[in-house]
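> Structure in structure tokens, see below.
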Amino acid sequence: MTEETTVTAEQQEATEQQQEAPVYGNVSVEELEKPEYDQAQYDELMALYEESISGIKEGQIVKGTVVSIGPSEVMVDIGFKSEGAVPIKEFSAPESIEQGQEIEVFLEDVEDQEGQVVLSKQKADFMRVWDLIKEAHDTGNTVEGRLMRRIKGGIVVNLFGVEAFLPGSQIDIRQVKNFDQFIGHEFPFKIIKLNKARRNIVVSRRAVLEEERARMREEIVKVLEEGQIREGVVKNITDFGAFIDLGGVDGLLHITDMSWGRVNHPSELVSIGDRIKVKVLSYDRKRERISLGLKQLTAHPWENIENKYPIESQVRGKVVSITDYGAFVELEEGIEGLVHISEMSWTQHVRHPSKLVNIGDIVEVKVLKIDSENQKISLGMKQTEDDPWDTLDTKYPPGTKIEGTVCSLTNFGAFVELEENIDGLVHISDMSWTKRIRQASEMFKKGDVIPVVVTEIDIKRRRISLSHKDAFENPWPRFAEQYAVGVEVRGAISRLLERGVVVSLVDEVDGFVPLSHLAIDGLQTPRQSFAEEQELPLEVIEFDKNQKKIVLSVREYFKDKDQAEYEAYLAEHPVQEVAAEEAAADKDDEMESWGDVHDDEQGAEQGVEQDDEQGAEQDVEQDDEQGAEQDTEQDKS
């Protein structure tokens, strides 16, 4: 091969290599692989970098720039090889952070496990204000802080941009139940505890208040005098009154000095925190006790009471208290009068004032009497209306026949309502012409509408006497012939008494059969042989139209009857033993209403006894006379 051929081949190979080498833009691979800085330039740059970070050391406050803001953290560039993350909760006002803002942070670590710088905003703030806080603690000066949020046991306070703790017991002089009312407010505080290592700061608002209170107390005690009117704040409330803070010193506002009117509890007039004016009633400097008054700021309501409420004047008032004997009515604050139970209604029988009025009712009353010396007013409710009894005798003259409703029953009669709240008494003796009523319930029940006749009206005693039987015809003139002596009748036993039985005859008229006229020998009590509702054959032996009494006899009935009929009667009513309790139950005062009805056997026994007594007395008299005559004759001899 020739030399020319060899050169040409080398040139061709070089040309092919140039065509195969890649080219990026105007820069070749060789140029890209060529170092940007030579060794001398690199060493110079590293020296400059080391110099720039030589001042950044752990445990120092450094300046940085906010690079980005996330939901939970803020990225800060402090000029180190990597950026650091600061928790967003460490910023007191996260909403005010802006990108590019320059802030101070505390460098805790130049590199954590992930190779990032560890920064803290709170520690930086703490370090910056530590000197101020320590100085305030050492000197006892106060510092301003804002209450941020509530935590267990107290409240977090923003103090110079760092968080301090305010215990619940140090919020106020008095116990505070609602911490939330202080959130967002600024107050002066005293720093009472510090711990730099733990960044623990404890503050107290109470210490500031106590110091201010002591200063104010010294000032107020110098000028406090009785009779002064001062402004204070309600500090505490008890059952007997309220304690008022006059500005460094407390006074007692007793419940009796709160109002001229009736006060059940101090909380009705004042609340804790109220600012009120009070009058200094007394001041014991030695015991440091102050008595205050609220009602003394106004005139006594009883002054010129006669002019404000003249006798017979009609006014409105509020029922404030009810007792067994009446109701107290408040005419104005501090002025109360008594409406006695007897002055409540013209017509109603008021058993208790609560039947007519309730506490809180507004009522019309009339002033009856004023005792200004003892501060008493007598009031009347019924006097505000006309007295219906004034015209009642004209409206219902004796003999008036009307219908009324039975409103109540007693043992002695029934009360019948003639019109609203106007009632009269029907005595048991005026209930029936024919029956002997023992209790009103035997004739009527409550709610019955019955006819009555007005027999008497006593306006002074406010009583109306009524008669039910007078509303019907008197049947006794007719009974005089129907039940004449000797007439035979039949009657059913309605009641068993101790000395006889009461029987019901035709027309529902009652008759009486004495024990001895029941025609059974040896009978001691009717219950031994008879029972209620049994029918007896009878003959009238006595009729008294005036006393409205019919006496009958079984014995007289059987006098002219066959022996067989009498024996059948005896067989129907055998004599049996009766328990003492049953016999005692037959004793009844009703016997007195039948008048002098005597058994023949008892009369015979009484006659024999009287004869014996008379005979004995005569014998004694005769012996005395004979003895006296004999003595006289002997003296003469």
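The values are calculated or read from the model by the stated rules, or taken from the named source; none is laboratory data. Note that the structure is predicted; figures quoted are calculated from it, not measured. Every residue, glycine as well, gets a Cβ built from its backbone with ideal geometry; the counts of neighbours run over all protein chains shown. With ligands, DNA and RNA removed, areas are computed over all heavy atoms of the protein, side chains included. Shrake-Rupley method; radii C 1.70, N 1.55, O 1.52, S 1.80 Å.
> What are the residues in the stretch 343-355 that are touching a helix residue (DSSP H, G or I) at 6+ places or on another chain (Cβ under 9 Å) and open to solvent by 50 Å² or more (accessible area, probe 1.4 Å), if any? Even if it seems obvious, please write down each step before you answer.
Start the filter on the stretch 343-355 by keeping residues that are touching a helix residue (DSSP H, G or I) at 6+ places or on another chain (Cβ under 9 Å), which leaves 343-348, 350-353.
The answer is Trp346, Gln348, Arg351, His352.
> At least 3 residues that are more than 30 Å from Gly404 (Cβ to Cβ) and in contact with a strand residue (DSSP E or B) (Cβ under 6 Å, 6 or more places away or on another chain) in each: list the strands (runs of 3 or more DSSP E) lying fully within the stretch 443-506 that qualify. Walk me through how you get there before you give the answer.
On the way: elements: 449-458, 463-467, 488-497, 500-504.
Correct list: 488-497, 500-504.
> Across the stretch 221-236, which residue is farthest from Val270 (Cα to Cα) among those that are among the hydrophobic types (A, V, I, L, M, F, W, C) and open to solvent by 70 Å² or more (accessible area, probe 1.4 Å)? Talk me through it step by step, then tell me what you get.
Here is the first cut: in the stretch 221-236, the ones among the hydrophobic types (A, V, I, L, M, F, W, C) are 221, 223-224, 229, 233-234.
Still in the running and open to solvent by 70 Å² or more (accessible area, probe 1.4 Å): 223, 229.
Details: Val223: 26, Ile229: 18 Å.
Checked the stretch 221-236; the qualifying residue farthest from Val270 (Cα to Cα) is Val223.
> Something else now. Is it fair to say Thr400 is at pLDDT below 95, within 30 Å of Ser467 (Cβ to Cβ), among the β-branched types (Val, Ile, Thr) and open to solvent by 50 Å² or more (accessible area, probe 1.4 Å)?
For Thr400, the condition - at pLDDT below 95, within 30 Å of Ser467 (Cβ to Cβ), among the β-branched types (Val, Ile, Thr) and open to solvent by 50 Å² or more (accessible area, probe 1.4 Å) - is not met.
> For the stretch 196-206, how many residues are open to solvent by less than 30 Å² (accessible area, probe 1.4 Å) and free of Cβ contacts under 8 Å to residues at least 40 places away in the same chain?
Restricting attention to the stretch 196-206, the residues satisfying the condition of being open to solvent by less than 30 Å² (accessible area, probe 1.4 Å) are 201-204.
From what is left, the residues that are free of Cβ contacts under 8 Å to residues at least 40 places away in the same chain are 202, 204.
Looking only at that region, the number is 2.
> Let me ask another. Are any residues in the stretch 280-311 surrounded by fewer than 11 Cβ atoms within 10 Å (Cβ to Cβ) and more than 16 Å from Ser372 (Cα to Cα), and if so, which ones?
Asp284, Arg285, Lys286, Arg287
> Scan Glu98, Glu114, Glu90, Glu73 and give me the residue that is surrounded by 17 or more Cβ atoms within 10 Å (Cβ to Cβ), on the phi < 0 side of the Ramachandran plot and not aromatic (Phe, Trp, Tyr).
On the way: Glu98 fails: surrounded by 17 or more Cβ atoms within 10 Å (Cβ to Cβ); Glu114 fails: surrounded by 17 or more Cβ atoms within 10 Å (Cβ to Cβ); Glu73 fails: surrounded by 17 or more Cβ atoms within 10 Å (Cβ to Cβ).
Every option except Glu90 fails the conditions.
> Same structure, new question: Could you pull out the residue among Phe444, Phe328 that is under 32 Å from the mean Cα position of the chain (by Cα) and not hydroxyl-bearing (Ser, Thr, Tyr)?
Phe328
> Right, Val176: open to solvent by less than 60 Å² (accessible area, probe 1.4 Å) and in contact with a strand residue (DSSP E or B) (Cβ under 7 Å, 6 or more places away or on another chain) or not?
Details: open to solvent by less than 60 Å² (accessible area, probe 1.4 Å): yes; in contact with a strand residue (DSSP E or B) (Cβ under 7 Å, 6 or more places away or on another chain): no.
Considered against the rule, which asks whether it is open to solvent by less than 60 Å² (accessible area, probe 1.4 Å) and in contact with a strand residue (DSSP E or B) (Cβ under 7 Å, 6 or more places away or on another chain), Val176 comes out as no.
> Among the residues of the stretch 62-115, write down those that are part of a loop (DSSP other than H, G, I, E, B) and touching an Asp or Glu at 6+ places or on another chain (Cβ under 7 Å). Spell out the reasoning first.
Quick first cut of the stretch 62-115, residues part of a loop (DSSP other than H, G, I, E, B) only: 70-72, 78-83, 91-93, 97-101, 110-115.
If the condition is that a residue be part of a loop (DSSP other than H, G, I, E, B) and touching an Asp or Glu at 6+ places or on another chain (Cβ under 7 Å), then Glu83, Val110 are the ones that fit.
> Just to be sure I understand, how many residues within the stretch 492-519 are open to solvent by 10 Å² or more (accessible area, probe 1.4 Å), among the aliphatic types (A, V, I, L, M) and in contact with a Pro (Cβ under 9 Å, 6 or more places away or on another chain)?
Total meeting the criteria: 2.
> Ok, one more. Pick out the one residue from Arg174, Arg230 that is touching a residue at least 40 places away in the same chain (Cβ under 8 Å), part of a loop (DSSP other than H, G, I, E, B) and not aliphatic (A, V, I, L, M). Break it down into steps so the answer makes sense when it comes.
Numbers: Arg230 fails: part of a loop (DSSP other than H, G, I, E, B).
The match here is Arg174.
> Here's another thing I want to ask about it. In the set Lys152, Lys193, which member is open to solvent by 70 Å² or more (accessible area, probe 1.4 Å), in contact with a strand residue (DSSP E or B) (Cβ under 8 Å, 6 or more places away or on another chain) and modelled with pLDDT of 85 or more?
None of the others qualify; the one that does is Lys193.
> Here are some residues: Ile237, Ile244, Ile229. Which one is farther than 30 Å from Gln122 by Cα and more than 35 Å from the chain's Cα centre (by Cα)? Spell out how you get there, then give the answer.
Values: Ile237 fails: more than 35 Å from the chain's Cα centre (by Cα); Ile244 fails: more than 35 Å from the chain's Cα centre (by Cα).
None of the others qualify; the one that does is Ile229.
> Please go through the stretch 317-327 and pick out each residue that is open to solvent by less than 50 Å² (accessible area, probe 1.4 Å) and of a type outside the set (A, V, I, L, M).
Result: Gly317, Ser321, Thr323, Gly326.
> All but one of (1) at positive phi; (2) open to solvent by 70 Å² or more (accessible area, probe 1.4 Å); (3) in contact with a Lys or Arg (Cβ under 8 Å, 6 or more places away or on another chain) hold for Ile272; which doesn't?
In the conditions (1) at positive phi; (2) open to solvent by 70 Å² or more (accessible area, probe 1.4 Å); (3) in contact with a Lys or Arg (Cβ under 8 Å, 6 or more places away or on another chain), Ile272 misses (1) alone.
> From the list Val208, Val270, Val263, which residue is outside any strand (DSSP E or B) and touching a helix residue (DSSP H, G or I) at 6+ places or on another chain (Cβ under 7 Å)?
Numbers: Val208 fails: touching a helix residue (DSSP H, G or I) at 6+ places or on another chain (Cβ under 7 Å); Val270 fails: touching a helix residue (DSSP H, G or I) at 6+ places or on another chain (Cβ under 7 Å).
Result of the check over Val208, Val270, Val263: Val263.
> Would you call Asp390 loosely packed, with under 12 Cβ neighbours inside 10 Å and over 26 Å from Met258 (Cβ atoms)? Even if it seems obvious, please write down each step before you answer.
Values: loosely packed, with under 12 Cβ neighbours inside 10 Å: yes; over 26 Å from Met258 (Cβ atoms): yes.
So Asp390 fits the description; yes.
> Which ones in the stretch 520-547 are assigned to a strand (DSSP E or B) and open to solvent by 60 Å² or more (accessible area, probe 1.4 Å)?
Glu535, Glu542
> Looking at (1) within 19 Å of Arg230 (Cβ to Cβ); (2) open to solvent by 20 Å² or more (accessible area, probe 1.4 Å); (3) modelled with pLDDT under 90; (4) in contact with an Asp or Glu (Cβ under 8 Å, 6 or more places away or on another chain), find the lone condition where Gly248 falls short.
(2)
> Now for a separate question. Tell me which residues, restricted to the stretch 384-406, are in a loop (DSSP other than H, G, I, E, B) and within 18 Å of Val452 (Cβ to Cβ). Quick ask: steps written out before the conclusion?
Here is the first cut: in the stretch 384-406, the residues in a loop (DSSP other than H, G, I, E, B) are 385-387, 396-400.
Of everything in the stretch 384-406, those that are in a loop (DSSP other than H, G, I, E, B) and within 18 Å of Val452 (Cβ to Cβ) turn out to be Tyr396, Pro397, Pro398, Gly399, Thr400.
> Can you confirm whether the stretch 559-572 contains a residue that is among the aromatic types (Phe, Trp, Tyr), within 25 Å of Val485 (Cβ to Cβ) and not in a helix (DSSP H, G or I)? Full working, then the answer.
Filtering the stretch 559-572 down to residues among the aromatic types (Phe, Trp, Tyr) leaves 566, 569.
When the remaining residues are screened for being within 25 Å of Val485 (Cβ to Cβ), the result is 566, 569.
Checking which are not in a helix (DSSP H, G or I) leaves us with none.
Checking the stretch 559-572: not a single residue is among the aromatic types (Phe, Trp, Tyr), within 25 Å of Val485 (Cβ to Cβ) and not in a helix (DSSP H, G or I).
> Still on this structure, I have one more. Restricting the first residue to the stretch 416-441 and requiring it to be in a helix (DSSP H, G or I), which pairs with a second residue that is charged (D, E, K, R) and open to solvent by less than 40 Å² (accessible area, probe 1.4 Å) meet a Cβ separation below 7 Å and a spacing of at least six or different chains?
Once the first residue is in a helix (DSSP H, G or I) and sits in the stretch 416-441, its partners that are charged (D, E, K, R) and open to solvent by less than 40 Å² (accessible area, probe 1.4 Å) give Asp430/Lys469.
> Out of all the residues in the stretch 117-131, which are open to solvent by 90 Å² or more (accessible area, probe 1.4 Å) and touching a residue at least 12 places away in the same chain (Cβ under 8 Å)?
The first filter runs over the stretch 117-131 and keeps only residues open to solvent by 90 Å² or more (accessible area, probe 1.4 Å), leaving 128, 131.
Arg128, the sole residue that qualifies.
> Suppose we filter the stretch 453-483 for residues that are open to solvent by less than 60 Å² (accessible area, probe 1.4 Å), touching a Leu at 6+ places or on another chain (Cβ under 8 Å) and among the polar types (S, T, N, Q); how many remain?
1
> If you scan the stretch 273-286, which residues turn out to be of a type in the set (D, E, K, R) and outside any strand (DSSP E or B)?
Residues of the stretch 273-286 of a type in the set (D, E, K, R): 274-275, 277, 279, 284-286.
Correct list: Asp274, Arg285, Lys286.
> The conditions are (1) touching a Leu at 6+ places or on another chain (Cβ under 7 Å); (2) more than 18 Å from Val485 (Cβ to Cβ); (3) at pLDDT 90 or above, and Asp586 fails exactly one of them. Which is it?
The number of the failed condition is (3).
> Sort through Ile370, Ile359 and tell me the only one that's open to solvent by 40 Å² or more (accessible area, probe 1.4 Å), farther than 27 Å from Lys469 by Cα and β-branched (Val, Ile, Thr).
On the way: Ile370 fails: open to solvent by 40 Å² or more (accessible area, probe 1.4 Å).
Residue meeting the stated conditions: Ile359.
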